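The next block holds one structure in the form of structure tokens; read it before the comments.
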Amino acid sequence: MKAQIKLGRIFGVEIGLHYSWFIIALLITLSLAGQFSLNNPDWSDSLRWGLAIITAVLFFAAIVAHELSHAVVAKARGLPVRSITLFALGGVAEIEREAADAKTEFWMGIIGPITSLVIGLICLGITMALGWRPPEFPRQPLTAMLMWLGYINIALAVFNMIPGFPLDGGRVLRGIVWWITGDARRATTIASRVGQFIAFGMIVFGVMRFFEGAGFNGLWIAFIGWFLLSASRESYAQLAITEGLRGVRVADVMSRDCPTVDGHSNLQTFVEENLVRTGRRCFAVTLNGHTEGMITPSEISDVQRARWPYTTVADVMRPLDQVRTVGLNTPVSEALEVMAREDLNQLPVIADGELAGLISRGHVLQLLQTRAELHV
Ligand SMILES: [Zn+2]
């Protein structure tokens, strides 16, 4: 999930919005305005809409607080957090690495629902201190807003504790099983099975409710179940890869026979004699015996074909100091994350300032395939 609109940074974590967020923000504001007019018909239109917008904004601030709590625990336990993105189904904190031990996984998961629960209880507490008693509906704008925020945050805490990946409850369950069995892989499998079982149950339940006449509510439950099912499969695959690659270093899988090309040769010759003939996609560029950069088809396609004979490889190469590189001892899972983040297919591997080889997604895939075939 990539944020398309950046809002700023809190504690060094980038906060952003995905376009799909606007849909849910609009729906929530509309439904709030509807509720307010139903319960307080004497309110003016501007009060109703103004309060609906403020309440919706505070609700999303509470979601950011929930995600920030994950981020703070992750950071405290040495896991870098890149960003928090709000999207149609809530918020997501992008943590760059998976937890390395059960306790981290447990605390990182459970802190979010605890935060939402505390926010919810504080809101309801203030509402009651201001004279509201359930189950009546508050007459004052401030109490009406706080009561809604109270209930919605508690609902958020409960929903997130559903023990299925990628919900917080899934992490908590995985943390507990990992803690008890000491086996991360087994914990992943169990947490993911439970998550899929619950998601499947939600789909069946939602569809049944729909045919019993529950209408939109039934479909909504089924939709969330379907979302959970696919998200849990995806995060399970992601975790399985991370676990499969544990302990593997870049030096183990990289290719060392990186073909080189002289930086002084022109593009025409390079394309005809190297690129087209060998079919390789990446070359190290040397100048006076030193590796200075890299060149791939994408750099060449930026140059007009007629200019190829007059342009040297060194003119268009990507200098090594401007390319993301990894070291021999970088974990392969980290290299894979860098490639995914920067949308690259390969990374140069640098040792002592010199190009030592290349690691590509293909190399990692091959390793995973081989291991899967042998069940090791
Ligand atoms: Zn959470």
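The values are calculated or read from the model by the stated rules, or taken from the named source; none is laboratory data. Please read these numbers as outputs of a predicted model, since none were measured by experiment. FYI the Cβ positions are ideal-geometry reconstructions off the backbone, even for glycines, and counts take in every protein chain you see.
Restricting segment 93-116 to residues that are surrounded by fewer than 18 Cβ atoms within 10 Å (Cβ to Cβ) and among the aliphatic types (A, V, I, L, M) leaves a set whose member that is farthest from the ligand (Cβ to nearest atom) is ALA100.
Rundown of residues vs (1) in contact with a Lys or Arg (Cβ under 7 Å, 6 or more places away or on another chain); (2) aromatic (Phe, Trp, Tyr); (3) in contact (Cβ under 8 Å) with a residue 24 or more places away in the chain, yes/no style:
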| position | (1), (2), (3) |
| --- | --- |
| GLY170 | no, no, yes |
| ILE190 | no, no, no |
| TRP220 | no, yes, no |
| TRP226 | no, yes, yes |
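For segment 152-193, which positions are at pLDDT 90 or above and more than 16 Å from the ligand (Cβ to nearest atom)? Of everything in segment 152-193, those that are at pLDDT 90 or above and more than 16 Å from the ligand (Cβ to nearest atom) turn out to be ILE176, VAL177, TRP178, TRP179, ILE180, THR181.
Looking at LEU149, is it away from the ligand (no atom under 14 Å from the Cβ), under 25 Å from ARG48 (Cβ atoms), touching a Phe, Trp or Tyr at 6+ places or on another chain (Cβ under 8 Å) and in the same structural domain as ALA71 (by TED's automatic domain parsing)? Yes: the conditions hold for LEU149. For segment 338-360, residues that are part of a helix (DSSP H, G or I) and either surrounded by 15 or more Cβ atoms within 10 Å (Cβ to Cβ) or at positive phi (or both) total 2. Of the strands (runs of 3 or more DSSP E) lying entirely inside segment 1-108, the ones with 1 or more residues being under 18 Å from the mean Cα position of the chain (by Cα) and closer than 30 Å to PHE137 by Cβ are found at 81-87, 90-95. Examine segment 289-305 for a residue that is under 30 Å from ARG82 (Cα atoms), in a helix (DSSP H, G or I) and in the same structural domain as GLY357 (by TED's automatic domain parsing), and state whether such a residue exists. For segment 289-305, residues under 30 Å from ARG82 (Cα atoms), in a helix (DSSP H, G or I) and in the same structural domain as GLY357 (by TED's automatic domain parsing): present. Consider only pairs whose beta carbons are under 8 Å apart and that are at least six residues apart or on different chains; among these, list those whose first residue lies in segment 68-79 and is more than 10 Å from the ligand (Cβ to nearest atom) and whose second residue is basic (Lys, Arg). Partner pairs satisfying both residue conditions: LEU79/ARG97.
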